[in-house]
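Taking it in order: structure first as structure tokens, then the write-up.
The values are calculated or read from the model by the stated rules, or taken from the named source; none is laboratory data. Keep in mind that this is a model prediction, so the values were computed, not measured. No Cβ is skipped: glycine too gets one built from the backbone with ideal geometry, and neighbour counts run over all protein chains shown.
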């Protein structure tokens with residue numbers, strides 16, 4: 001296969017000062033805020049504050065003690081985690097209070113007048129921040145012991161959420177911006193249903209093992225990428241975090257990136273910026289165990305329109321079969337169930353690009369904390385030919401485990417749409433637009449050596465360190481339509 005590019009394919013490592021050719025200007029781009037904040041000037045008028053406090057007290061007094069044997073009781077913690085978790089209950093209670101005041105307005109017209117005014121302000125202004133601040137400032141004597149416990153748990157969860165959010169912002173601000181031209185579509189189509197192998201040496205091994213072959217009618221079932229792709233090398237130093245944002249260049253001379261041109265990104269070693277993202281952190285360790293268990297236990301997905309190897313299975317989150325929605329729950333013997341559900345609001349992985357929130361809201365798949373409920377897919381030793389997916393959100397991927405002994409030229413992510421290979425590493429995150437940009441994963445070393453091996457749960461357990469494990473999170477059109485009970489969402 002000939003090189004896609006008019007310029008020589010380049011390799012980028014973490015110590016490269018720039019990805020641009022000599023003489024090119026390094027782009028300077030003012031990074032926009034990823035999230036638009038609330039109306040910081042919105043305040044609750046003093047004479048209306050007593051009504052807000054009244055509603056808060058009603059909610060607090062309705063709370064039931066946490067019960068280790070009752071998972072539902074832990075959902076109350078959402079209310080005390082952030083304002084997104086509290087406001088639905090506030091609006092529901094406020095509606096009841098306002099209706100009662102309307103029925104008694106002859107006796108107390110001032111109360112109804114003030115509550116009506118408050119309703120207008122709640123509907124037209126973002127008062128969620130000052131309202132939630134009043135929740136946290138409720139006098140201790142007015143807070144039952146069980147609610148005090150919930151507030152303590154909620155505060156810890158909020159700290160964790162903010163830590164992740166700050167880490168994402170830090171990686172965005174420090175990122176290296178890599179501009180790449182889009183590959184002509186006819187070149188991308190040449191890779192359709194072909195296994196991707198990165199080097200001639202691995203190709204020879206696969207030809208000898210029988211994984212790769214040349215069909216008299218269909219031609220070769222493989223395509224060798226050596227010399228035709230740019231390459232992003234994973235950092236050798238695990239003590240430093242690094243990030244890359246990819247953007248589409250209009251032409252070879254384009255040195256002006258914009259948010260609209262972004263097509264993906266990579267974060268290496270995120271634990272170096274936030275220890276909460278370390279594989280050893282409680283939440284992260286739990287998610288790794290869940291993902292790895294589901295890879296072995298669940299039936300692998302059949303994707304007949306692609307050339308695939310390894311195993312992909314449905315993970316946690318909303319799923320559908322024949323347009324019928326259903327959730328996949330956490331395996332019962334991983335950790336204690338109440339603790340697992342206390343962190344249920346975190347399952348919406350806030351590292352997903354912000355555009356996912358709007359799509360999830362349309363599908364009715366926002367979590368109580370205001371983040372998308374996304375479908376997760378878990379893989380072991382997975383590789384796939386170039387393809388597009390019918391998704392309505394960007395996709396986020398996470399390498400839950402990859403041994404440093406694994407061949408560096410296998411199981412790597414490919415943007416065929418932009419002719420770039422991204423070398424994967426353990427605990428790395430990456431993001432892409434699966435519905436717009438042709439992508440896939442290069443073949444794994446296990447299949448090259450032994451293409452006849454059957455990936456049984458026993459083999460996966462016994463060969464845990466011999467292949468790459470990943471989890472990807474996305475909201476597909478099928479899941480959105482199934483859960484929204486609509487013919488089309490977007």
Within region 134-145, take every residue that is in contact with a helix residue (DSSP H, G or I) (Cβ under 9 Å, 6 or more places away or on another chain) and over 24 Å from residue 276 (Cβ atoms) and give me the one that is surrounded by the fewest Cβ atoms within 10 Å (Cβ to Cβ). 140
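Okay, residues lined up against (1) surrounded by fewer than 23 Cβ atoms within 10 Å (Cβ to Cβ); (2) modelled with pLDDT of 85 or more:
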| site | (1), (2) |
| --- | --- |
| 399 | yes, yes |
| 421 | no, yes |
| 425 | yes, yes |
| 432 | no, yes |
| 453 | yes, no |
| 466 | yes, yes |
| 474 | no, yes |
| 479 | no, yes |
| 482 | yes, no |
Checking residue 170 against (1) modelled with pLDDT under 90; (2) under 30 Å from residue 453 (Cβ atoms); (3) under 30 Å from the mean Cα position of the chain (by Cα), the condition it does not meet: (2)
Can you tell which of 279, 353 is modelled with pLDDT under 80 and either surrounded by fewer than 21 Cβ atoms within 10 Å (Cβ to Cβ) or outside the structural domain of residue 396 (by TED's automatic domain parsing) (or both)? 353
Going through region 403-418 in order, the residues found to be part of a loop (DSSP other than H, G, I, E, B) and surrounded by 22 or more Cβ atoms within 10 Å (Cβ to Cβ) are 410, 411, 412, 416, 417, 418
When you look at residue 237, is it at pLDDT below 90, surrounded by fewer than 20 Cβ atoms within 10 Å (Cβ to Cβ) and either over 30 Å from residue 212 (Cβ atoms) or within 20 Å of the chain's Cα centre (by Cα) (or both), yes or no? yes
Just give me the residues in region 429-444 being in contact with a helix residue (DSSP H, G or I) (Cβ under 8 Å, 6 or more places away or on another chain) and outside any strand (DSSP E or B), in sequence order. 438, 443
